[in-house]
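These notes are about the structure you will find just below.
Only the coordinates and a few stated rules stand behind these numbers; no lab work does. A quick note: this is a predicted structure, and the numbers were derived from the prediction, not measured. Positions of Cβ are backbone-derived with ideal geometry, glycine not excepted, and every protein chain shown enters the neighbour counts.
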Amino acid sequence: MSAPAARQSARPPAPVVVVLVEPAGPLNVGGVARLCANFAIAELRLVAPRCDHLGEEALRMAVHGGGLLQRARLFPDLAAALADCRRVVASCGQVARDSLPLHSPADALGWLLAATALPTGEAPPPSALVFGREDRGLSTDELLQAGRVLRIATGEAYASLNLAQAAAICLHELHQAQLRQGNPDDPGPGAPLPAPSAVAAATPQAGDSPADPLGDPAPRGAVEAMLQDAEELLLAVGFLYPHTAHARMAKLRGLLQRGQIRDGEVALVRGMVRQLRWAAQRRSP
């Protein structure tokens, strides 16, 4: 193996963080912390938890994941929890969510793991796996902050899964995908052997990722700041009205979710917004 090839293969993968949005059950929070320990997830993020995540029930359920639970980071909203993440997968329990495309866990989590290293060779920013509230899951606005939305196939009669159960299925699938990524010649027990061409297509190349040859999406914090700038300008020039702005911006978010806007594109849009704001103010009486 040549020296450049060795350096490429040694690049660390993007860390995956698990995000729980407004969890209400301490047993669920503890159970997810335990699952994170089971499947080598190093960080748990909690968005406005509605229970004591450090209470006796949660810590008892976490068992050896108690240390991870004690280190869990708290955030006021999902946008803040995802600000440093480029690739985000959100779990959705509904059959359909306003025509948002739904993916299988294998497809969505394979995309999550396809993050590329930074040009400097540093580890890429974290990727995130997001789970919603026990009673109503994630809102459409929250799902639009993800690059992929996954749904676990269940029976139609009772499609809702317990939070910890859904996390167990997804983290197991994520772990299997990591094993396949580390050794594509060994897909694991019971898995069909892929054709040689499929294995080659699934092998990351330098500066490339198998599911996304153009590179990683921009960090969520940069995308949210861009959208805020754009919304303020569009309200100021009369393209948006306060009573319809939310719905129209949701359509724009859906477009960006499909397009997976990148760093240079975010900079381009923000530059356009700044110039248009300057021109509009200059010509205002």
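Tabulated data for the structure shown
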| item | result |
| --- | --- |
| Interchain or long-range residues, amide H under 5 Å from Thr116's placed H | Asp216 |
| Inter-probe distance in nm under a simple model that places probes 7 Å from Cα toward Cβ, at Ala106 and Arg136 | 3.5 nm |
| Segment 229-285 and segment 119-179: distance between their alpha carbon centers, rounded to Å | 29 Å |
| Order by protection proxy (mean Cβ within 10 Å, highest first), peptides 233-244, 166-177 | 166-177, 233-244 |
| Debye-sum result for segment 220-282 in log10 I(q)/I(0), which assumes one identical scatterer on each alpha carbon, at q = 0.17, 0.18, 0.21, 0.25 Å⁻¹ | -0.59, -0.66, -0.88, -1.14 |
| Contour excess over end-to-end distance, with Cα ends at Glu232 and Ala40 and 0.36 nm allotted per residue | 65.0 nm |
| Using alpha carbons only: equivalent-ellipsoid semi-axes of segment 31-83, gyration tensor based, whole Å | 19, 14, 7 |
| FRET efficiency for Arg270 and Leu74, using Cβ-Cβ distance with R0 set to 30 Å, rounded to 0.05 | 0.55 |
| Net length gained if the chain between Asp52 and Glu122 were fully extended (0.36 nm per residue, minus Cα distance) | 21.6 nm |
| Under the Karplus curve 6.51 cos²θ - 1.76 cosθ + 1.60, θ = phi - 60°, whole-Hz ³J(HN,Hα) for segment 72-84, x wherever Gly or Pro sits | 4, 8, 9, 9, x, 8, 5, 4, 5, 5, 9, 4, 9 |
| Net dipole in debye of segment 220-282 [+1 Lys, Arg Cβ; -1 Asp, Glu Cβ; about Cα centre; nearest 20] | 120 debye |
